[in-house]
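The values are calculated or read from the model by the stated rules, or taken from the named source; none is laboratory data. This one's a predicted model, so the numbers in the text were calculated from it and none came from an experiment. In this analysis, Cβ positions are derived from the backbone assuming ideal geometry, glycine residues included, and neighbour counts consider all displayed protein chains. These accessible areas exclude ligands, DNA and RNA; they are computed on the full protein's heavy atoms, side chains included. Shrake-Rupley method; radii C 1.70, N 1.55, O 1.52, S 1.80 Å.
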Amino acid sequence: MSTILIKNATVVNEGKQFNADIFIKNGFIEKIGPGINIAANIEINAEGKHLLPGCIDDQVHFREPGLTHKANIASESAAAVAGGITSYMEMPNTVPNTLTQQLLEEKYQIGARNSFANYSFFMGAGNDNLEEVLKTDTKKVCGVKVFMGSSTGNMLVDNEKTLEGIFSKVPMLIATHCEDEATIRHNLEVFKEKYGEDGLKPEMHPIIRSAEACYLSSSKAVELAKKFDTRLHILHISTGIETKLFDNSVSLKDKKITAEACVHHLWFSDADYATKGNFIKWNPAVKTATDRSQIFDAVLNDHIDVIATDHAPHTIEEKELPYSKAPSGGPLVQHALTAMLEFYHQGKISLEKIVEKMAHNVAVCFQIEKRGFIREGYWADLVLVDLNSDWTVSKENILYKCGWSPFEGQEFKSKVTHTIVSGNLVYNEGVLDHHQKGQRLLFDRN
């Protein structure tokens with residue numbers, strides 16, 4: 001029987017902060033309250049620290065199978081728990097693409113063996129696998145991923161009839177990457193003609209993969225979802241104009257169309273290409289400071305519902321290639337929460353709102369069973385943070401297999417000290433317990 005007692009924590013949960021002890025037994029939160037005195041296998045003194053529900057990241061690329069020279073489920077889930085992320089949902093553009101139920105199940109088997117965090121894997125939709133997609137178990141799989149615009153991999157769904165089939169028939173959440181391929185190709189040709197392929201630079205990325213390309217595709221997804229009453233979740237909103245597509249007049253549990261912002265679109269702007277270059281090259285692109293500000297506002301006013309990472313590592317060697325050859329994406333799971341806590345220190349967002357967007361709302365959005373909140377009877381997915389413990393991101397403390405971070409050199413004021421996953425202390429003051437593994441996420445859906 002495994003038990004943990006957390007003493008004297010400042011709990012941040014469901015819009016409130018309060019002092020409490022937490023008693024955890026056999027994976028679950030058994031008791032929350034003052035002055036709990038029950039003998040436990042592990043006791044943690046949390047005085048002076050804040051206890052948050054573990055973050056749930058609804059968009060990561062952990063690169064396994066097929067691209068494990070960049071990352072794997074073990075390495076990236078280790079980085080995730082070190083960063084306070086206790087659960088993740090991983091994308092299907094691995095090699096091979098996750099386009100069959102058998103390939104999906106193989107990923108779940110890898111997760112069960114190797115993941116330090118709780119896990120779920122998206123089923124991938126292509127132009128010709130609708131029959132396979134419809135076999136997906138809605139209670140055991142987070143959702144179906146549709147690339148409405150090219151990204152890494154070859155999973156572009158660009159056939160109108162196929163899109164209508166997916167949006168009209170899939171009974172579960174559909175998560176979309178939205179960039180209009182025709183617009184991007186046209187912009188790329190214009191820039192190649194003007195500058196030549198060798199003359200293309202990272203700062204051109206947000207103009208090639210333009211705000212117009214994003215809006216055209218996002219608005220198309222919203223139009224299809226409204227037509228077929230689809231449960232749509234649009235990933236990584238990168239423009240201010242897209243935020244107007246979403247509603248904040250109804251509660252999240254009643255929304256059929258939801259949206260996600262990613263940490264890099266809240267932190268960086270196109271001014272950073274001058275120093276960061278391809279290391280902040282993402283799809284969709286980091287755009288203007290105005291876009292960044294409008295996305296942040298949409299997070300605060302609930303037009304955007306969740307904050308995620310789109311963690312997508314590549315090797316340093318790949319990122320150092322010329323712009324046109326360097327892949328898009330970067331690692332973020334280890335630093336997402338501390339980056340958001342930096343915004344708290346700057347007075348831009350409250351602790352309660354960070355918890356809402358990175359834990360509560362993800363659980364509600366995906367209807368995750370018994371996670372995302374600090375409640376008696378729920379799984380104990382918890383993170384302790386010290387809001388007054390300065391540290392600087394460096395190659396020496398990066399856990400990503402790729403060995404780099406776009407935050408290198410950044411000083412953060414807050415540090416994750418303990419991470420509890422499904423009732424197990426997996427990360428303790430910089431030390432990872434390699435014997436602990438996460439659980440498969442389950443979903444409370446009809």
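Scoring E189 on the criteria (1) over 27 Å from D270 (Cα atoms); (2) outside any loop (DSSP other than H, G, I, E, B); (3) acidic (D, E) leaves a single failure, condition (1). The listed residues are T176, T162, and the only one of them that is outside any helix (DSSP H, G or I), in contact (Cβ under 8 Å) with a residue 12 or more places away in the chain, among the hydroxyl-bearing types (S, T, Y) and closer than 16 Å to E223 by Cα turns out to be T176.
Cβ-Cβ distances below 8 Å connect the following pairs, each with a first residue in the range 391-416 that is under 20 Å from I280 (Cβ atoms), a second residue that is among the charged types (D, E, K, R) and assigned to a loop (DSSP other than H, G, I, E, B), and a separation of six or more residues or different chains: V393/E408; S394/E408; K395/E408; I398/E408; K401/K70; C402/K70; E411/D390; F412/D390. Taken over the range 297-333, the criterion of being surrounded by 20 or more Cβ atoms within 10 Å (Cβ to Cβ) and part of a helix (DSSP H, G or I) is satisfied by A298, V299, K319. Hey, among the residues in the range 52-77 that are buried (at least 24 other Cβ atoms within 10 Å of the Cβ) and aliphatic (A, V, I, L, M), which one's nearest to E317 (Cα to Cα)? My answer is A71. Residues in the range 214-235 include none that are farther than 20 Å from N159 by Cα, open to solvent by 30 Å² or more (accessible area, probe 1.4 Å) and part of a helix (DSSP H, G or I). Here the range 378-399 is the region considered, the condition is being more than 29 Å from I368 (Cα to Cα) and in a strand (DSSP E or B), and the residue that is most open to solvent (accessible area, probe 1.4 Å) is T392. Taking the numbered list (1) assigned to a helix (DSSP H, G or I); (2) under 21 Å from V383 (Cα atoms); (3) open to solvent by 10 Å² or more (accessible area, probe 1.4 Å) in turn, R292 passes all entries but (2). Scanning the range 10-51 for residues that are under 27 Å from the mean Cα position of the chain (by Cα), farther than 17 Å from V421 by Cβ and in a strand (DSSP E or B) gives T10, V11, V12, N13, K16, Q17, H50. Evaluate the following for I295: is it closer than 14 Å to C55 by Cβ, modelled with pLDDT of 95 or more and either touching a helix residue (DSSP H, G or I) at 6+ places or on another chain (Cβ under 6 Å) or β-branched (V, I, T) (or both)? No; evaluated as a whole, the condition is false for this residue.
Evaluate the following for N154: is it of a type in the set (S, T, N, Q), under 22 Å from H314 (Cα atoms), at pLDDT 95 or above and open to solvent by 30 Å² or more (accessible area, probe 1.4 Å)? No, not satisfied.
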